[in-house]
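Everything on this sheet refers to the single structure shown next.
Bear in mind these aren't lab numbers, they're just calculated from the coordinates by the rules spelled out. This is a predicted model, so every value here is computed, not measured. With ideal geometry, Cβ positions are generated from the backbone for all residues, glycine too; neighbour counts draw on all protein chains shown.
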């Protein structure tokens, strides 16, 4: 594994606004301040995002570690978030495009139902990046779940 150059340029401290979409509760997102620290890991072979946000006044934390295949556009990631999946890791596979946009997808269990998907995107910008998460039904229908736009501190 290695890390795409566009991702490595995101290393540093970030602040932003987190929007949590709970469509079954309200059409309006739940908004909170968010921070992120992006760093290269394991001799620059992996890329890590540690982030914080809040839900109902309680601080939440998340962590994403990913690596890119140096011979293809393949990406692997491990993700966890204190609110979304608690004490579990989600393993994800995906790709990175020529502009450095990452898309990875993992799955989670829903009792007595088929597994659901969780797709995460990292969209690099100039001194900004978007961190997007989508809930994916067993039928493949995607719904935006989290949208955070970060700017450099």
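Listing for the model above:
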quantity: Square roots of 5 times each gyration tensor eigenvalue, C-alpha, the stretch 5-152, largest first, Å; calculated: 23, 19, 14
quantity: Relative contact order %, the stretch 5-152, counting alpha carbon pairs below 8 Å whose residues are six or more apart; calculated: 19 percent
quantity: Residue-averaged 222 nm ellipticity for the chain, from DSSP H runs of 4+ at -39500 (n - 2.57), nearest 500; calculated: -500 deg cm²/dmol
quantity: Neighbour-count order for 129, 46, 150, fewest beta carbons within 10 angstrom listed first; calculated: 46, 150, 129
quantity: Mean-position separation - Cα centroids, the stretch 14-52 and the stretch 115-153, in angstrom; calculated: 9 Å
quantity: Prolate/oblate/rounded call for the stretch 1-58, Cα gyration tensor, a/c under 1.5 rounded; calculated: prolate
quantity: Fewest-first ranking of 41, 119, using other Cβ atoms within 10 Å as the exposure measure; calculated: 41, 119
quantity: Highest-MSF residue in the chain out of 36, 98, 54 [GNM, Cα springs under 10 Å]; calculated: 98
quantity: Proxy reagent accessibility, fewest Cβ within 10 Å first, across 134, 108; calculated: 108, 134
